[in-house]
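Quick notes on the structure that follows.
The values are calculated or read from the model by the stated rules, or taken from the named source; none is laboratory data. This one's a predicted model, so the numbers in the text were calculated from it and none came from an experiment. Counting neighbours? That spans all protein chains shown, and the Cβs are built from the backbone with ideal geometry, glycine included. The area values use the complete protein model at the heavy-atom level, side chains included, leaving out ligands, DNA and RNA. Shrake-Rupley method; radii C 1.70, N 1.55, O 1.52, S 1.80 Å.
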Amino acid sequence: MRASIGLNYGWEFTERWNDAFAAGEPVEGTVLADLPHSFCTTPLHYFSEECYQTVGGYRKLLQVPEDWAGKRVFLRIGAAAHRTEVFVDGKKLSEHRCGYTAFDTELTGCLSPGGTALLTVRVDSRESLNQPPFGFVIDYMTYGGIYREVSLELRDGTSIADVFPRTDLPDVLISGVTVDGPLRDGMALRQTLTDRESGAEVFRKSYPLRGAETKKRFLIPGIRPWSPDSPALYTLTTELLEDSAVLDRREDAVGFRRAEWKKDGFYLNGQKLKLVGLNRHQSYPYAGYAMPERMQKLDADILKREVGVNAVRTSHYPQSPHFIDRCDELGLLVFMEIPGWQHIGDEAWKDQAVENVRDMILQYRNHPSIILWGVRINESQDDDALYARTNALARKLDPGRCTGGVRALKKSRLLEDVYTYNDFSHDGSNLGCLAKRSVTSAPDRAYLITEYCGHMYPTKTYDSERHRLNHALRHAAVLDAVAGEEDIAGSFGWCMFDYNTHRDFGSGDRVCYHGVMDMFRNPKLAAAVYAARQDFTPVLEVSSSMDLGESPEGIRGRLFVFTNADEVRLYRNGVFLRAYTHADSPYRNMTFPPIEIDDFIGGQLEAREGMDPRQAELVKGLLNRAARYGLGETTPAMLKSAAELRTRWHMKTEDLFSLYGKYIGDWGNQATVYRFDAVRSGQVVKSVIRSTVEELRLTARADHTRLCAGNTYDAALVRIAVTDQNGAVLSFWNGSAAIGIEGPIALIGPPSAPIQGGLGGTYVRTVGRSGHAALTLSAPGTEPVKIPFEVICN
């Protein structure tokens, strides 16, 4: 029977490899490291990518138990950036030339039961390597280290090598099983399908083993289909039997769904579904790529439950199996692609790209969430010879899934099933996207937009209010345009969160501020465009602080609210002004579009000024337009209204100025309090208050406070905000919060948390001991915040 032994604690690490390290000789400057591990802890920004470009090493002395006799032993490395060599007692056993996929190394012949063995891993993270994604500039940092988990896998002489269950036909399971090792008479396979939700066994079948590869087709009526709204998962247990004794057992999560790409869009289980997604890098502040299971899964939860998208693209490489597992569980659709960024290298480089397709598909093809394979180097030029190979291999290894290949070229050669295109045409003033017919010469193939916005409008959390609103409206414009195009399958915005990048890109501080969230996964206003689509929690975001001093010339400008409620009710100093619904939005195609607030007066002119309805209508129209566009801009309609006011009610220009100051500008008056109520089914589900800042409050929340270390350490994200007394984030509060810790936890990163635009964050991790712990935050002018943690180490 197979067994898996975690090998993630207590590695001896050197950041400067030499042969003496592999030979087991003492080496100065080594430290103990737990996996996942990064070559270096980086600053938040303003650091050189050269800090992680080195050749490092990890070593561990293995105690080989007597009962391993007769077993085959494999070392499985989840991912190491970027070229990895494995040694036992100084002898090189294997080499892996991809920093984004797992690989196995058999150790059996080098181990003596009852003895010891020195296991050493050499990791080369230099970007001069002749393999994807390297060879030219790259718009993201690639980091270094063994950044995913490592394990020892023990198997019998004959074992299950692979299980490939195809589940893309209704009520049908096509199961492929590969067995490795000597085959004997009396061997058989038994497969059992269990509903994960109910625990009920829905299928069991045994059949004799006739060869190393077995393929069976089973009809299983009544299977619940997997979908974003109902991600029904089953466990397929495959057992290798000999005379009824179980020699090996393997479990795979499966979901039954049919994904189809047609010329008019994407269909899941026969129903057309518009994809609304974001691109995700796998990086984190300070830690680079190295984060454990909880943090990987958290990003999937954020995408689905907080941001509200239904799809994610793993730009620009395969990402953590933990992340994809969680996508399976949540019903988050995935577009996964091979490593690369624009550059195509020599023949050896291309051969490795093809091998990356093989590894990616073999390792991830059992995930129901994956609906498209990216088999083309992101934004590369056409290369028919290379991409004929990658497409052919993908279709051979996984006949049930389509291929795509992200390009920035119009009318490009299409060898894939889906034309996937980065459309950066929207500039804030034109249509949100190009028409399909203007991009591709293949009208009978599916078409998908894979990037938009991003570098077209970098946005920081502390940018001006108007800039942050324009950023959000650019995302809304693209989503609305795509929603209105029946032959566009969907779109993936660039991108989920800000990320560290090379000197050639970003804002000069080694950060690309392209995300709808900051690096700590705090939402910018643009995130609300997407969040309004989800119904897990009420959403109500207001684009303005309502402080006229933030607006040029004191002109309020356009004001939007983002909500998933039925309506939003606006109050000024407790007086109801108006209720708004999504029908008031200028965006006509998307669900739950941003709503423009364009009336700051309501019925007050009749109630407080004694105006009749017609006079109030004319005055209100003039004043509200001036609030948005200024007093100096006039139109024929405004002149006509002003003339009627002069003729019928003898109103003068100064009368309008006075009313503007009273109801719009608040000139000479006490500061106004605005309240926005989100209403669903007649009930207020969330309120936002905008008023003068009277108090600073430091707030912090951890994604979980029960830290459980097992196979490896656990970590938690702590998101930090500085708000006013109403909970409004103070977008111009820039500083830091001092961090104190007590108990068995450690920080990932510095002992202070930078706060930019009122938002920041930090990470804590377990350190190998159980007990009670706490994190304390303090910032100038605020009360300290303390978060307790319970730490359990198994």
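At a 10 angstrom cut-off on C-beta neighbours, averaged per residue, how do the peptides 583-596, 64-77, 362-375, 452-465 rank from highest to lowest?
362-375, 452-465, 583-596, 64-77
Are there DSSP H segments in the chain that both extend 15 Å or more along their axis (alpha-carbon positions) and score a mean Kyte-Doolittle hydropathy of at least -1.0? List them, or say none.
Helix filter hits for the chain: 347-364, 384-397, 465-483, 613-629, 636-649.
Take every Cα pair under 8 Å in the stretch 684-779 that's 6+ residues apart, average their separations, divide by the length, and report that relative contact order as a whole percent.
Rounded, it is 29 percent for the stretch 684-779.
Quick one: dipole size for the chain, taken about the Cα centre, charges +1 on Lys/Arg Cβ and -1 on Asp/Glu Cβ, in debye to the nearest 20.
About 1400 debye.
Restricting to DSSP loop positions (anything but H, G, I, E, B) with no more than 11 other Cβ atoms inside 10 Å of their own Cβ, which trypsin sites (Lys or Arg not before Pro) remain in the stretch 200-248?
Sparse-neighbourhood loop trypsin sites (Lys or Arg not before Pro): Arg210.
Per-residue ellipticity at 222 nm for the chain, helices alone: DSSP H runs ≥ 4 residues times -39500 (n - 2.57), over residue total, nearest 500 deg cm²/dmol? It would help to have the intermediate numbers written out before the result.
Details: 12 runs with 130 residues, N = 794.
Result for the chain, helices only: -5000 deg cm²/dmol.
Which cross-chain or sequence-distant (5 or more) residues have an amide H under 5 Å from the amide H of Ser94, H modelled 1.01 Å from N in plane?
Under 5 Å from the amide H of Ser94 lie the amide H atoms of Val86, each far enough along the sequence or on another chain.
Quick one, which of (1) 73, 36, 31; (2) 53, 31, 24; (3) 55, 46, 29 is the actual semi-axes √(5λ) of the Cα gyration tensor in Å calculated for this model?
(2)
Compactness ratio of the stretch 235-357: Cα Rg over 2.2 N^0.38 Å, N = residue count?
On the way: Rg = 18.3 Å, N = 123, 2.2 N^0.38 = 13.7 Å.
Normalised Cα radius of gyration, the stretch 235-357: 1.33.
Hey, which lysines would be in cross-link range of Lys640, C-alpha to C-alpha under 27 Å, not counting anything within fewer than 8 residues on its own chain?
Lys620, Lys652, Lys662
Is the shape of the stretch 463-503 rounded, prolate or oblate, going by the alpha carbon gyration tensor and its root eigenvalues a ≥ b ≥ c, with a/c under 1.5 for rounded and a/b larger than b/c for prolate?
On the way: a/c = 4.16, a/b = 1.46, b/c = 2.84.
Oblate, because a/c is 1.5 or more while a/b does not exceed b/c.
Using Cα centres only, tell me the gap between the stretch 1-46 and the stretch 370-407 in whole Å.
35
Would you work out which of Thr653, Pro228, Val312 lies farthest towards the positive end of the dipole of the chain? Charges go on Cβ: Lys and Arg +1, Asp and Glu -1.
Thr653
Out of the total accessible area of the stretch 1-148 (probe 1.4 Å, heavy atoms of protein only), what percent is carbon and sulfur?
Carbon and sulfur: 49 percent of the exposed surface of the stretch 1-148.
Summing +1 for each Lys or Arg and -1 for each Asp or Glu, what net charge is found among the other residues whose Cβ lies under 12 Å from the Cβ of His467?
Taking every Cβ under 12 Å from that of His467, the sum is +2.
If you filter the stretch 1-67 for trypsin sites (Lys or Arg not before Pro), then keep DSSP loop positions with at most 13 other Cβ within 10 Å, what is left? Numbers along the way, then the final one.
Numbers: sites: Arg2, Arg16, Arg59, Lys60; in loops: Arg2, Arg16.
Qualifying residues, ordered by number: Arg16.
Do you know the relative contact order of the stretch 600-682, to the nearest whole percent, from alpha carbon pairs under 8 angstrom that are 6+ apart?
So the answer I get is 30 percent.
Determine the shape class of the stretch 618-729: with a ≥ b ≥ c the square roots of the Cα gyration tensor eigenvalues, call it rounded for a/c under 1.5, and otherwise prolate if a/b is greater than b/c, oblate otherwise.
Prolate, because a/c is 1.5 or more and a/b exceeds b/c.
Where a Cα-Cα gap under 23 Å defines reach, which lysines qualify for Lys272, not counting those fewer than 8 residues away within the same chain?
Lys262, Lys263, Lys304, Lys436
Can you pull out the trypsin sites (Lys or Arg not before Pro) in the stretch 153-189 whose DSSP state is coil and whose Cβ has at most 14 other Cβ atoms within 10 Å?
Those that pass, being in a loop and sparsely packed, are Arg184.
Can you list the lysines whose alpha carbon is less than 22 Å from that of Lys205, not counting same-chain residues fewer than 8 positions off?
Excluding near neighbours in sequence, the set is Lys215, Lys216.
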